[in-house]
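Below: one structure, written as structure tokens.
Values quoted throughout were computed directly from the atomic coordinates according to the rules given, and no laboratory measurement underlies them. These numbers come from a predicted model, not from an experiment. Please note: Cβ atoms are built from the backbone with ideal geometry, for glycine as well, and neighbour counts cover all protein chains shown.
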Amino acid sequence: MSGRNKTVTERQGTAAERLFPRAAATIEFVAALGRGIGRLFRTAYLFRVELLLIGCGVWVWLRLWNWLGSPVTAGKVLGSILAVLLVLRLLYAAVGKAAPTIGKRADRLAGNPFGRALLRIAAAHTWLVGLRTVLRRHRVGRVLLWAAGMRARARVVRQMRDGLTGVRFENNAGKLPRIRKVRTTPVGERMTLVCKPGQSAELLDTRAEELRAAAKSRDVRIVRDPNRSDLVTVDVVRRDPLAATSAIRWDGLDHDALSMWDPVHIGMDENGDPVRLSMVERQIFLAGEPGSGKSSGEQVITCHAAKSPDAELLFIDPNRVQFAPWADRATAYAYADPDDALEVLNMVRAEGDRRLALLEKLPGVQRKLTREIAEGEGIPLWVLFIDELAYHTSVIGTTNGPFAKAARDIVSRFRAAGIIPVFATQRPTSDVVPTSLRDLFSMRTAYRTTTLASSDVILGEGWARQGYSATDIDLANRGVSWLLAEGALPRRVKWAWIDDETISDLSMTTVRFKPRRDPVPTPATDDTEQEG
Ligand SMILES: Nc1ncnc2c1ncn2[C@@H]1O[C@H](COP(=O)(O)OP(=O)(O)OP(=O)(O)O)[C@@H](O)[C@H]1O
């Protein structure tokens, strides 16, 4: 009964409403009108880009009407122009998807006129993709790209709002995170969200899959700002710009000689920019499934080192085939024999100790080998390549064996002594590669892996969940990897490709760059291995 009475009391309204019913009704009407107009404006604001485009269309139609004298003819002309633009847009998208397949069948397609036309269209598409990279480098170009991305940005804002509403992400006050900034990126769009009290990047991360579906995208990557925990970067990934790229040319080929003290050109990132890594005082770990491109990546670093008169190369190559051409350029070379491999590591340790002792004796405080000291004292940088690290740490050795211990010692102690470790393996789990060794690498690169866990094992815990997973690397697109080096976020990189002929050629022509010093005994010098 009391509930019923209460309802009746509510319907009677406030005292003011009872006293001035007409005024109250007018106020209510104005408030409802205001709310309606507000909602209309908010919706119109969300669709502002589309409304602007419709406005432009109407303006063009009016101009055409004026010019042609008939509204119907003007409509037909405008409709035809829009239809052509739409067909071109669809063609662009379709060719983008088919480009890798067309590229692979180029030889067969070149044989007939239809195939040749297809190849020409694919070439035009590649040119247009390249044009975006060129435009990005100039201010006017950036403005054009910004204008071209307006509709996509407006759409992603709506999608994200719908997605957040759909998963009931409002806090207790009914507020969604504020979308502070949206910009177009080579892979899609990047938004910055400001969390309201009760919300966090971690909470948002649990909804990543729903948001990915709401944005109709390949993926979303959610990362908390390291300085302000309420700021969240959401990368909406719609395309893979590296998918359609053909082999990347290594620009070290343009130089007669290089220096290991200078950054190594390793390939191209998603923005189409060259990626250069400084290897001095660093260590790099390459891992991924068989055939994903690790050895080819190592070859890029090898070629740079080989063309550097200030670098010596040392190899441990259980496969016997990957680095065999470099045997003459190398200071030391070991194949699968565990004693030979250990001897190379011990040689590196002895050299590292010698250098540290030398640094200690130099005047002043010398914390590391610098370019000046190296040039003054005639000390070359040593680049130590170990391919298939797991062979020595799990197949014929153990993760606690002398090889693993020596490798760990080199990575941890000789950074300042000008020793650069470049290690590669297929699957760096703790039973194969000791975690104490893996965690020491300042640069890691994850080629394609089959599981999220393997991807995390290479890059570090949690990256795969945030969308940086090596499982989403296309199987057919070899040489692509996630690189965690400078910067807070991993970068998707396609490594440069150096063909076997060039490698064979460089392995002979660069022998002249081998630093002249007292010959160091090479462990693997028996006749059988020299022949291999
Ligand atoms: N950067 C690249 N660009 C184009 N193709 C590449 C690239 N890297 C690798 N490939 C292709 O992938 C093939 C396998 O590469 P690679 O031998 O380097 O793989 P891997 O990961 O070292 O394999 P494994 O673990 O079996 O040694 C190469 O022969 C080449 O055809």
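Brief remarks on what is shown
- Here the residues VAL87, VAL411, ranked from fewest to most Cβ neighbours within 10 Å of their Cβ, fall in the order VAL87, VAL411.
- Mean Cα-pair separation over length for the chain, i.e. relative contact order, pairs under 8 Å, 6 or more apart, %: 13
- Here LYS196 is the anchor, and the lysines within straight C-alpha reach of less than 30 Å, apart from those fewer than 8 places off in the same chain, are LYS175, LYS181, LYS216.
- Positive-end residue of VAL348, ALA453, ALA464, charge dipole of the chain with Cβ unit charges: ALA464
- Rounded if a/c under 1.5, otherwise prolate or oblate - segment 338-393, Cα gyration tensor axes: prolate
- Spatially, segment 359-395 and segment 417-479 are offset by 24 Å when compared through their Cα centroids.
- As a proxy for reagent exposure, ASP256, ASP472 were ordered by neighbouring Cβ count within 10 angstrom, fewest first; the result is ASP256, ASP472.
- 0 to 90° range, to nearest 10: angle between helix 150-166 axis and the chain longest Cα axis: 80
- Orientation-averaged projected area, Cα convex hull of segment 466-517 (nm²): 6.2
- Highest mean first, the peptides 29-40, 269-280 sorted by other C-beta atoms within 10 Å per residue fall in the order 269-280, 29-40.
- Note on the chain: Cα convex hull, mean projected area over all directions, 41.0 nm².
- Taking the DSSP beta bridges with both ends in the chain, the antiparallel portion is around 60 percent.
- The angle between the Cα long axis of helix 2-11 and the longest principal axis of the Cα atoms of the chain comes to about 80 degrees, rounded to the nearest 10.
- The chain, helix-only ellipticity at 222 nm - DSSP H runs n ≥ 4, -39,500 (n - 2.57), divided by all residues, nearest 500: -14500 deg cm²/dmol
- Ordering GLY418, SER442, ALA390 by Cα displacement along the dipole of the chain toward the positive end leaves SER442 in first place; charges were set at the Cβ atoms of Lys, Arg (+1) and Asp, Glu (-1).
- Only Lys, Arg, Asp and Glu carry charge here, each on its Cβ (+1 for the first two, -1 for the last two); on that basis segment 345-504 has a dipole of about 460 debye about its Cα centre.
- Cα-centre dipole for the chain with unit charges at Cβ (Lys and Arg positive, Asp and Glu negative), debye to 20: 4620
- Distance histogram in 10 Å bins (all Cα pairs of segment 147-260, percent per bin): 13, 40, 23, 12, 9, 3, 0
- Whether segment 132-181 is rounded, prolate or oblate, judged on the alpha carbon gyration tensor where a/c under 1.5 counts as rounded: prolate
- Cα→Cβ-extended label distance, 7 Å offset, between LEU452 and VAL49, nm: 3.0
- Charge dipole (debye, nearest 20) of segment 253-366; +1 at Cβ of Lys and Arg, -1 at Cβ of Asp and Glu: 220
- 0 to 90° range, to nearest 10: angle between helix 48-68 axis and the chain longest Cα axis: 70
- Charge dipole of the chain about the Cα centre (unit charges at C-beta), most positive-ward option of SER292, ALA357, ILE222: ILE222
- Ordering TRP59, TRP495 from the fewest to the most neighbouring beta carbons within 10 Å gives TRP59, TRP495.
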